[in-house]
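Data first, discussion second: the structure below is written as structure tokens.
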Amino acid sequence: MPESTGDRPLGVFGGTFDPVHLGHLRLAEEATDALGLAGIRWIPAGQPALRDAPQAAAQQRLAMVRLATAGNPRFTVDAGEVEAARPSYTVQTLERLRRADACGPQRPLVLLVGADAFAGLPAWHRWQSLFDLAHIAIAHRPGFPIAVADLPATLAACWSVHFCDQPALLAESPSGRIVTFAMTQMAISATQIRALLASGASTRYLLPDAVIAHIHKHHLYQEN
């Protein structure tokens with residue numbers, strides 16, 4: 001379903017996607033259903049600020065995300081961070097989306113993150129401002145909810161203010177809530193995939209076929 005579906009919440013899914021794989025796709029698909037989202041806007045990072053430089057160039061990663069999401073009408077791809085050619089900060093991306101006609105100041109936005117990324121949230125640039133701009137939805141393993149006691153103290157305090165156990169309420173405000181959802185576990189990682197590609201091993205059934213074809217065509221992730 002296109003992004004323009006009324007005022008239903010829009011998911012925002014950022015990452016290096018180096019490369020995008022079936023675990024990413026399944027997370028986005030399940031989040032859409034579990035949280036009642038109108039769709040997902042994928043935003044590949046241009047220059048990630050908190051991690052080492054991706055192995056594939058930004059334009060190549062953008063191209064792979066476009067190939068991976070093609071054919072799913074609930075997914076769209078945003079090239080804003082790639083085209084900005086400067087370090088990517090989530091808070092600035094959300095501010096940009098709020099200025100865009102497709103989102104505006106009142107459309108509910110839902111930032112999708114994994115449990116590990118959420119635990120590291122206090123290291124993000126202006127992280128507390130995220131709650132003024134979007135809701136945050138955390139994917140976790142089935143049967144293993146977020147262990148609030150293990151979170152950094154500042155984040156645990158934030159959780160106590162913002163946590164909501166009813167995802168349906170995301171549609172009632174533009175931002176400010178934390179929700180969680182369980183997703184099917186898929187033991188797939190981009191690190192594992194890059195190692196397989198470097199060794200010449202098969203990555204079939206870990207990546208979409210179109211992404212595999214793109215990687216081989218452009219000789220990505222090969223050892224020098």
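The values are calculated or read from the model by the stated rules, or taken from the named source; none is laboratory data. Keep in mind that this is a model prediction, so the values were computed, not measured. Cβ: placed from backbone, ideal geometry, glycine included. Neighbour counts: every protein chain shown. Side chains included, ligands, DNA and RNA excluded: accessible areas come from the protein's heavy atoms. Shrake-Rupley method; radii C 1.70, N 1.55, O 1.52, S 1.80 Å.
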The range 168-185: number of residues that are at pLDDT 95 or above, farther than 19 Å from Gln128 by Cα and among the polar types (S, T, N, Q): 0
Quick check on Leu151: is it of a type in the set (A, V, I, L, M, F, W, C) and crowded, with 16+ Cβ neighbours inside 10 Å? yes
Quick one: in the range 29-79, of everything that is touching a residue at least 60 places away in the same chain (Cβ under 8 Å) and over 21 Å from Ala117 (Cβ atoms), which residue is nearest to the chain's Cα centre (by Cα)? Thr76
Every residue in the range 68-93 that is loosely packed, with under 15 Cβ neighbours inside 10 Å and small (Gly, Ala, Ser), please. Ala70, Gly71, Ala85
Asp165 being at pLDDT below 95 and open to solvent by 50 Å² or more (accessible area, probe 1.4 Å): no
Conditions first: (1) farther than 15 Å from Ala190 by Cβ; (2) touching a residue at least 12 places away in the same chain (Cβ under 8 Å); (3) not basic (Lys, Arg). Ala100 passes all but one, so which condition is the exception? (2)
Please specify each residue of the range 38-89 satisfying the condition of being among the aliphatic types (A, V, I, L, M) and part of a loop (DSSP other than H, G, I, E, B). Ala38, Ala45, Ala49, Leu50, Ala53, Ala56, Ala57, Ala70, Ala79, Ala85
Are there any pairs, at least 6 apart or on different chains, whose C-beta atoms fall under 7 Å, with the first in the range 106-119 and within 17 Å of Gln92 (Cα to Cα) and at pLDDT below 95 and the second open to solvent by less than 10 Å² (accessible area, probe 1.4 Å) and among the charged types (D, E, K, R), and if so, which? none
Which numbered condition in (1) in contact with a Ser or Thr (Cβ under 7 Å, 6 or more places away or on another chain); (2) open to solvent by 60 Å² or more (accessible area, probe 1.4 Å); (3) outside any helix (DSSP H, G or I); (4) not aromatic (Phe, Trp, Tyr) is the only one that Arg26 fails? (3)
Restricting to the range 125-144, count the residues that are crowded, with 17+ Cβ neighbours inside 10 Å and assigned to a loop (DSSP other than H, G, I, E, B). 1
Here the qualifying pairs (Cβ atoms under 7 Å; residues six or more apart or on different chains; first in the range 181-192 and in contact (Cβ under 8 Å) with a residue 60 or more places away in the chain; second surrounded by 14 or more Cβ atoms within 10 Å (Cβ to Cβ) and basic (Lys, Arg)) come out as Met183/Arg26; Thr184/Arg26; Met186/Arg26
